[in-house]
1. Hey, what does the equivalent ellipsoid look like for segment 112-244, semi-axes from the Cα gyration tensor as sqrt of 5 times each eigenvalue, largest first, whole Å?
2. Express the accessible area of segment 296-354 per residue in Å², computed with a 1.4 Å probe while the remaining protein chains stay in the model.
3. Among 298-306, 208-216, 125-133, what's the highest-first ranking by average C-beta atoms within 10 angstrom per residue?
4. Calculate the dipole size of segment 246-373 relative to its Cα centre from +1 charges on Lys and Arg beta carbons and -1 charges on Asp and Glu beta carbons; express the result in debye to the nearest 20.
5. Say the cut-off is 20 Å between C-alpha atoms; which of Lys201/Lys301; Lys344/Lys371; Lys215/Lys371; Lys344/Lys380; Lys162/Lys409 go over it?
6. Please give the peptides 109-117, 355-363 ranked by average Cβ packing (other Cβ atoms within 10 Å per residue), highest first, as a rough proxy for protection.
7. Compare Ile338, Ile365, Ile161 in a GNM of the chain, Cα atoms joined below 10 Å, and give the one with the largest fluctuation.
8. Give, to the nearest whole percent, the P(r) tail of segment 219-349 beyond 19 angstrom, counting all Cα pairs.
Amino acid sequence: MTATRIVILGAGTGGTLAANRLRRMFPPSQVQISVVDQDDRHVYQPGLLFVPFGLTHPEDIVRPRGNQLHRDIDYVRAHIEHVDLDADVVHLQGATSLPYDVLIVATGARLLPDETEGLTGPGWMEKVFTFYDLAGAGALEGAFARFDGGRIVVNVVDLPIKCPVAPLEFCFLADWYFTERGIRDRVQLTYVTPLDGAFTKPTASKLLASMLEEKGVDLVTEFNTGTVDGAGGRLVSYDDREVPFDLAVVVPLHGGAEYVGRSPGLGDELNFVPTDQRTLQSSARPNVFVIGDAANVPASKAGSVTHFEGETLVENVRHFLAGEELEAGFDGHANCFIESGFGKAMLIDFNYDHEPVPGHYPGPIGLPLLKESRLNHLGKLMFQWFYWHSLLPGREIPGINPTMPSAGKARVAEPAH
Ligand SMILES: Cc1cc2nc3c(=O)[nH]c(=O)nc-3n(C[C@H](O)[C@H](O)[C@H](O)COP(=O)(O)OP(=O)(O)OC[C@H]3O[C@@H](n4cnc5c(N)ncnc54)[C@H](O)[C@@H]3O)c2cc1C
């Protein structure tokens with residue numbers, strides 16, 4: 001009997017944890033697992049937030065990809081060229097190919113800074129930066145260390161983005177950082193967003209807006225950035241509003257991986273992959289599943305979401321191979337620590353159907369929700385250890401379930417009809 005071939009595209013958060021969970025589920029004699037990635041640097045992306053403030057360093061948040069995968073997983077280092085859905089084959093750069101019985105797409109989201117006029121033009125990496133990749137976060141550390149006063153804008157060009165709270169955390173940490181350096185009164189901080197509030201979820205949005213105000217960060221809403229004029233030091237919106245800056249921190253437009261666009265039938269216009277939001281099966285083919293940021297599901301693009309998707313994904317691959325009905329198991333569960341500066345953080349927990357509410361997580365005795373605390377800050381710092389040692393290896397984290405818990409949470413008032 002020949003082994004079933006599972007090919008996983010991407011060895012980031014989702015690809016790694018899915019591969020390790022599947023390896024535990026099926027013996028190598030029954031299922032052969034191959035994971036493809038274009039490079040060998042697995043970045044702990046939540047750590048990028050801390051690099052510009054000197055709180056961590058690029059070398060502390062990067063590990064080789066192969067070391068995160070079980071030894072009975074075949075790690076293929078190659079650039080994916082395209083997928084032929086009719087032939088069940090992945091084509092890699094260099095004219096090699098990988099046939100599959102089941103394909104798992106885990107190639108995440110890609111930054112598209114060139115899509116915004118001027119963003120990578122004059123001033124890029126001199127006074128216009130992003131902290132969403134290693135090079136940008138590292139360069140920003142130097143620029144912040146040299147900054148001795150003026151206007152800093154933090155701008156989200158458009159949604160969806162990875163970790164939608166990260167730009168807000170960046171503002172809170174910048175307030176802390178310049179206070180520590182004793183020059184906060186010389187630094188004007190402005191958060192510029194295309195949303196009509198600080199965040200998407202109404203309860204959290206109100207709280208986050210009041211925190212920005214308390215910390216003296218100006219909020220500019222409904223600003224759709226058309227041009228970043230690095231030389232002139234201004235953001236210009238499509239409706240001709242302007243926000244001046246001396247230093248800009250921009251979160252660029254995101255899209256799915258480029259090869260998705262070269263794979264007929266696989267992706268949408270942004271190269272994300274249309275996916276059933278509860279089973280994680282793609283709309284393209286029954287034998288194609290999707291995990292993490294690559295999916296077009298209406299959940300946050302976050303490592304926590306990717307982690308919670310893991311269990312449903314591997315169970316449904318098992319059901320598919322056994323010819324059984326799939327489970328509608330994923331509920332959109334997301335939780336995010338929101339670093340708020342001065343050694344504190346908040347935590348929010350929500351899913352497709354429920355907004356973040358106050359209370360505790362994961363039960364009545366747990367971390368405080370929608371409230372700043374030192375405990376949450378420690379939770380955020382400890383998460384890096386859990387990421388490498390528990391989440392990526394695909395081990396259960398004690399007390400943490402993939403579905404959103406309601407114990408310990410305040411009830412939300414039913415909307416008036
Ligand atoms: C600044 C920042 C802060 C964040 N903070 C948090 C946080 O606090 N909490 C949280 O839960 N999440 C956070 N996230 C989000 C989290 O890191 C991502 O949601 C998560 O890593 C998604 O996992 P993924 O497997 O979908 O994608 P990734 O982990 O990005 O992996 C995708 C992989 O696909 C590979 N790939 C892509 N195209 C190709 C190709 N053509 N050929 C070969 N390989 C390819 C890439 O090299 C990459 O390794 C943050 C992200 C950023 C940028």
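1. Taking √(5λ) for each Cα gyration eigenvalue gives 20, 20, 14 Å.
2. Averaged over the residues of segment 296-354, the accessible area is 32 Å².
3. Working: 298-306: 22.2, 208-216: 16.6, 125-133: 20.3.
Top to bottom by mean Cβ count within 10 Å: 298-306, 125-133, 208-216.
4. Numbers: 7 positive and 18 negative charges, 38 e Å.
Taking the Cα centre of segment 246-373 as origin, the dipole is about 180 debye.
5. Checking Cα-Cα distances, Lys162/Lys409 exceed 20 Å.
6. Most protected by this proxy first, the peptides run 355-363, 109-117.
7. Sorting by GNM fluctuation, first place goes to Ile365.
8. It works out to 64 percent of all Cα pairs.
The values are calculated or read from the model by the stated rules, or taken from the named source; none is laboratory data. Since the structure is predicted, the reported quantities are computational estimates derived from the model, not experimental observations. Neighbour counts are summed over all protein chains in view; Cβ atoms, including those assigned to glycine, are modelled from backbone coordinates with ideal geometry. Protein only, heavy atoms only, side chains kept; ligands, DNA and RNA dropped before computing areas. Shrake-Rupley method; radii C 1.70, N 1.55, O 1.52, S 1.80 Å.
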